[in-house]
Structures are given as structure tokens and as C-alpha cells.
Number of protein chains: 2
Amino acid sequence: MDFSIGDLSRRTGVKVPTIRYYEKEGLLEAPLRSEGNQRRFRSSDLERLGFIKHCRDLGLPMPAIRDLIDLSQHPDKPCETANRIAEDQLKAVRQRIAHLRKLEAELKRIATSCEGDHTVTECNVLKAFGDHGLCLQEH
Amino acid sequence: MDFSIGDLSRRTGVKVPTIRYYEKEGLLEAPLRSEGNQRRFRSSDLERLGFIKHCRDLGLPMPAIRDLIDLSQHPDKPCETANRIAEDQLKAVRQRIAHLRKLEAELKRIATSCEGDHTVTECNVLKAFGDHGLCLQEH
DNA sequence: CTTGAAGCTCTAGTCGCTATAGCAATTAAA
DNA sequence: TTTAATTGCTATAGCGACTAGAGCTTCAAG
């Protein structure tokens, strides 16, 4: 019951070079090898890689994922760290949303500041890109 | 009326190595030099750098900024390109917001799935990070 | 047994900076 | 005028999280 790196890739949606990269970075344990030196993964590796994939999809940086993996190796530890990581990431995501909403407002203003068909000199879009003073808010 | 690279940095908020980087990348023209080989910028460079800064703050990638600068050198061209860049960026920002809102929802669920004070084995946070099947939506 | 897909390692490139090292020039104070 | 502090110079390497390519070897199906 073992998988080639390609099997793992198909089952998780993680690309082959990325799997090798995760191994190099220590997120995945180095697997056994075939006689011809090819990687042979077990189902625990499949699970681990699925975990990493989901965390990455949720935007967690690799150090946070490392911490979570370390934590899962020590089942008796309290779960504060996992909670903190989730909350930190939630906070970070909310900050990014807030920032992007400001950008959205300014870009909407900029993109609609040109009312038709004319040349660069007359166009407000370029002026708006250049001049922060025209903005409605900080961003 | 010329500025050192430090003057330019203080006036625009762009760090000194970043200014040199912009010059290397061709966003800023190579300025004149002092007798001792130090950069001496003119106020047109200050303006240009302010333009770049504002565009970067709005999230434009450098190739887009290059296009806008090229455009501003040809005042007789139609302004379609500038409009397209603004609209593309607006679209990209809206997509990122939509994505981040999904992440926010999942992370909220994950971060609140732990009701107190226990160990890793009993904790839902780690399970939730590992299992996309528990998610309420795609992300 | 052959062939084509898949795997291997190693290196370099992506983007937009940022940091460091080891110098040289400028500016202000003593 | 000398000195010291600050600022500037070039060149190189590093960040995060991959991705692409070269050149080779192994595997699995027919």
C-alpha cells in the first residue's frame, strides 16, 4: 500500500515539484525509496499532505503549518497554539479584506473618471493614478 | 534644484534601495551624478516616483506601471490602455476580496470550533485544519 | 524487449523588494 | 581645517512558496 509521487499529486492536487519542496522543507518526512531510488509514500503521508494543502488553501504560511504539525505529534499538549494560529490568520484575513475594500473604492473612482473617448492628456485616469490627493481616503 | 536619493526617499516614503531598484528596472530614468558619483534627481523624478508609489499602493504590478508610464510619454495616444489597466486591477481586487471572504468564513468556523481548555487530541481546530470536508463551502 | 511516461537531482527564475558587506563621498560640528 | 557622523555607492544574496528546465534514470504496459 504505497504511492508514487505522482499518485500523491493526483490525489491531493499538489504538484509533484511542490511535494518534493515540502519534503526538502521538512513538512513531509523523507519517504522510503524503491530500488531505483523513487519515492514510495504511505497513506500517512497522503494524510499529512492533505493537511498541508488545506492549510495552504486557507492562507497559512509555512511556519504556522510547521507549528501545527509539531503540535499534532504531541497529543497531550494543550491546544492553545492551534487556536492562536487560527485566530491570527482570521485577523490577518480580515485586515487584508479591509485594505482591499479601500483599494476597491479608489480604483472604482479612478476607473470611472474617464467618460469616453479621448487622448491621454485629457484623461483623468492617469492623473488619478498619479495623485494620491485626489483619493477619498487613505489606503 | 536637485535632490539626493535620501531627499527623494523622505519626500515620497519610498526606501532608498527601492529607488535604486526602480532605476535598475527602468521605471525611473538614470539621473545625473555628482562629482563623487552620487545620484542627483530633479523634480520630474520626484513626480515620477510619487506616481509609481501611488500605483504600487493601489496594488498595480510593475509591468502595468511601466505601461502607464509609457502611455504618459505619448500624450496623443487614446487612453484606452489606462482605462483597461484600472478596470483589470479593480476586477482583480474584487476577486481577491471574494476569495478572502470565503477564507474568513471558514477560519471563523475553525477558530470557534474549540470550546475551551483541553488537549490536542480532543481539539477540533486541528481536525478542522486537516479536513476540507468539514468546510461549509469551497475556497 | 521496447517504448513512452514518470521519476530523479540540481540549478535558476519568479516578484518586489530588503539586507549585508565593504567601501567612498558629503556635511556639520569642533 | 580636521574630524566624525551620516549618507551614498556597488555588488551580491536572501525572502516566500513555489515553478521551470536540463539531462539523466527507472518504471510499467504491451
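The values are calculated or read from the model by the stated rules, or taken from the named source; none is laboratory data. The structure displayed is predicted, hence computed values, not measured ones. We place every Cβ from the backbone using ideal geometry, glycine too, and count neighbours over all the protein chains shown. Ligands, DNA and RNA are excluded from the accessible area calculation, which covers all protein heavy atoms including side chains. Shrake-Rupley method; radii C 1.70, N 1.55, O 1.52, S 1.80 Å.
Give me the summed buried accessible area for the B-A pair, 1.4 Å probe, to the nearest 100 Å².
The summed interface area works out to 4300 Å².
Accessible area, 1.4 Å probe, largest first: how do B:54, A:139 sort?
Of B:54, A:139, the descending order of accessible area is A:139, B:54.
Work from the charge dipole of the protein assembly as shown (Cβ charges, +1 for Lys and Arg, -1 for Asp and Glu, about the Cα centre) and give the residue of A:111, A:83, B:60 farthest towards its positive end.
B:60
Counting Lys +1, Arg +1, Asp -1, Glu -1, what net charge surrounds residue B:30 among other residues with beta carbon under 15 Å of its beta carbon?
Residues close to residue B:30 contribute a combined charge of +2.
Considering every Cα-Cα pair within chain B, what fraction, in whole percent, is farther apart than 17 Å?
I get 70 percent for the Cα pairs in chain B exceeding 17 Å.
Taking all protein chains as present, what is the carbon and sulfur share of the accessible area of chain A, in % to the nearest whole number, probe 1.4 Å?
About 48 percent, which is the carbon plus sulfur part of the accessible surface.
Under a point-charge model restricted to the Cβ atoms of Lys and Arg (+1) and Asp and Glu (-1), what is the dipole moment magnitude of the protein assembly as shown relative to its Cα centre, in debye to the nearest 20?
My answer is approximately 260 debye.
Can you work out the accessible area per residue across chain A, with the rest of the protein chains kept in place, probe 1.4 Å, in square angstrom?
I get 57 Å² per residue for chain A.
Where the label is 7 Å out from Cα toward Cβ, how close does residue B:57 come to the same position in every other copy, in nm, shortest first?
3.7
From the label point of residue A:133, set 7 Å from Cα along Cα→Cβ, how far away are the matching label points in the other copies, in nm, ordered shortest to longest?
Result for residue A:133, in nm, nearest copy first: 6.1.
Can you work out the Karplus-derived ³J(HN,Hα) for every residue in segment B:29-38? Use 6.51 cos²θ - 1.76 cosθ + 1.60 with θ = phi - 60°, whole Hz, and x for glycine or proline.
The phi angles translate into 6, 5, x, 5, 10, 6, 4, x, 6, 8 Hz.
For chain B, what's the relative contact order in percent, using C-alpha pairs closer than 8 Å and at least 6 residues apart?
16
Can you give the net charge of the other residues whose Cβ lies under 10 Å from the Cβ of residue A:132, counting K and R as +1 and D and E as -1?
Charge balance near residue A:132 sits at -3.
At most 14 other C-beta atoms within 10 Å and a DSSP loop state: those are the exposed trypsin sites (Lys or Arg not before Pro) I care about. Give me the longest piece of chain B that has none.
Result for the longest clean stretch: B:43-139.
With label points built 7 Å along Cα→Cβ from the Cα atoms of residue B:7 and residue A:1, find their separation and express it in nm.
7.3
State, to one decimal in nm and shortest first, how far the label point of residue B:78 sits from each corresponding label point in the other identical copies (label point: 7 angstrom along Cα-to-Cβ).
6.7
Run the dipole for chain A about the Cα centre, Lys and Arg Cβ at +1, Asp and Glu Cβ at -1, nothing else charged, and hand back the magnitude in debye, nearest 20.
Computed charge dipole of chain A: roughly 340 debye.
In segment A:56-97, what residues drop by 30 Å² or more of accessible area when the other protein chains are put back, versus the chain on its own? Use 1.4 Å, and skip ligands and nucleic acids.
So the qualifying set is A:57, A:58, A:75, A:79, A:82, A:83, A:86, A:90, A:93, A:94, A:97.
Hydropathy first: keep DSSP H helices in chain A averaging at least -1.0 on Kyte-Doolittle, then drop any whose Cα extent along the axis falls short of 30 Å, and list what survives.
TM-like helix candidates: A:80-111.
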